[in-house]
Ligand SMILES: [Fe+2]
Ligand SMILES: [Fe+2]
């Protein structure tokens with residue numbers, strides 16, 4: 001009996017001519033040049049560079065004086081954290097543990113050295129004219145050289161990261177060119193950039209796949225061992241740095257109070273700088289802590305910019321606002337966990353009744369812009385208090401604190417109430 005699937009003889013003779021036998025492998029299969037092991041190593045390199053980069057940006061942020069660059073550092077740091085998280089989610093699918101040091105010590109050396117720049121421009125030139133462009137080249141090549149379907153989850157991460165990285169370059173490069181035009185960039189900063197460029201070339205770039213040169217034998221004399229800054233820098237447009245915080249006009253005086261309310265927002269860079277201090281100083285906490293802190297930091301930069309936007313919309317010059325930089329100096333004399341407790345459980349936790357009163361006052365006055373700004377601020381600050389509640393117990397454990405969370409918080413909030421709230425900031429450490 002004939003098998004059911006055998007075609008009749010007429011059908012066999014009518015079929016298309018047999019396909020020629022290929023002598024070589026199909027071109028499409030040979031195209032991708034990144035196999036899964038190379039993919040893992042490369043994704044790990046990108047994750048490492050942005051993960052280290054965000055911590056170093058946090059270290060430098062309080063020390064950078066140029067206001068616009070300081071803001072861009074906050075945004076870049078937060079965008080890096082988004083990429084690190086996306087890469088972490090991808091990497092954990094293809095390697096365990098997800099976070100691993102790069103296999104090439106030359107790349108580790110680049111990121112270890114980067115922080116010891118002679119000044120803010122040395123650091124920023126090295127980051128935005130060497131590291132970021134090398135990362136972009138690596139991602140652009142990876143995006144096309146990996147398996148487009150099999151590795152689509154990586155392509156998705158890469159294409160979205162590229163959007164941010166190109167945006168950073170478009171915003172920061174004009175600021176660096178202005179610094180060049182106005183003579184801010186020293187020979188030391190240039191020398192530092194060249195040194196980092198050579199270290200990076202010795203690593204074959206971020207990918208490790210570019211042509212390598214010999215590593216420089218020693219660091220240049222302009223290298224300055226980095227220490228976490230105890231003072232917050234401001235550029236010379238700020239003329240009022242050390243004013244004491246004075247009582248605000250009574251809330252009943254709507255117009256006068258509202259001006260002061262938004263002028264205070266314009267000084268929230270101080271909160272960003274304290275989170276930066278903590279983010280740089282605390283090592284060995286879970287990634288989620290860094291991720292939340294990167295957002296916390298950038299939110300405070302945005303709150304500061306919200307103050308700038310409001311003041312400019314009301315024909316006021318935010319650079320004339322008192323900067324209260326002694327608040328950063330005062331907080332930075334305490335251990336990072338204590339600063340975190342004062343910021344989240346002191347300043348942020350206690351601000352809500354006032355903020356809600358302000359929303360109501362702006363609604364009654366028909367001041368839509370002020371109302372919207374404060375409501376966005378409340379949304380962010382709610383998250384900051386949540387971060388505090390989540391991470392304070394972990395930070396206490398991390399710091400080896402023996403007191404209970406309740407006892408520790410009570411003691412810290414007493415210092416905060418006695419010194420910060422009264423304005424009698426005691427600087428015990430110089
Ligand atoms: Fe804030
Ligand atoms: Fe906050």
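FYI, it's all coordinate maths here, none of it is from the lab. All of these numbers come straight from a predicted model, not from anything done at the bench. For neighbour counting, all protein chains shown are included, and Cβ atoms are generated from backbone atoms with ideal geometry for every residue, glycine included.
For region 192-242, the spread of Cα positions along the three principal axes, ordered from largest to smallest, is 50, 22, 17 Å. Report summary: the helix-based calculation at 222 nm, which adds -39500 (n - 2.57) for every DSSP H run with n ≥ 4 and divides by the residues of the chain, gives -20000 deg cm²/dmol.
Which stretch or stretches of region 377-414 have amide N atoms under 16 Å from the point lying 7 Å from residue 251's Cα along the Cα→Cβ direction? Flagged as within label range: 378.
For the chain, what does the relative contact order come out to in percent, with C-alpha contacts under 8 Å and a separation of six or more? Display every interim value, and only then the final one.
Details: 484 pairs, mean separation 72.0, N = 430.
About 17 percent, as a whole number.
Let a ≥ b ≥ c be the square roots of the eigenvalues of the Cα gyration tensor of region 156-234; is it rounded (a/c under 1.5), or, if not, prolate (a/b larger than b/c) or oblate? Since a/c reaches 1.5 but b/c is at least a/b, the shape of region 156-234 is classed as oblate.
Taking 4 °C and 1.567 mPa s as conditions, the chain diffuses translationally at an estimated 53 µm²/s according to Stokes-Einstein applied to its Kirkwood radius (Cα pairs). With the convex hull drawn around the C-alpha atoms of region 95-206, the volume per residue stands at 108 Å³.
Normalised by the number of residues in region 32-202, the average gap of Cα pairs under 8 Å and 6 or more apart makes the relative contact order 32 percent. The alpha-carbon positions of region 254-421 define a convex hull whose volume is 109 Å³ per residue.
Against the chain, whose longest principal axis is taken from its Cα atoms, helix 132-145 shows a tilt of about 30°.
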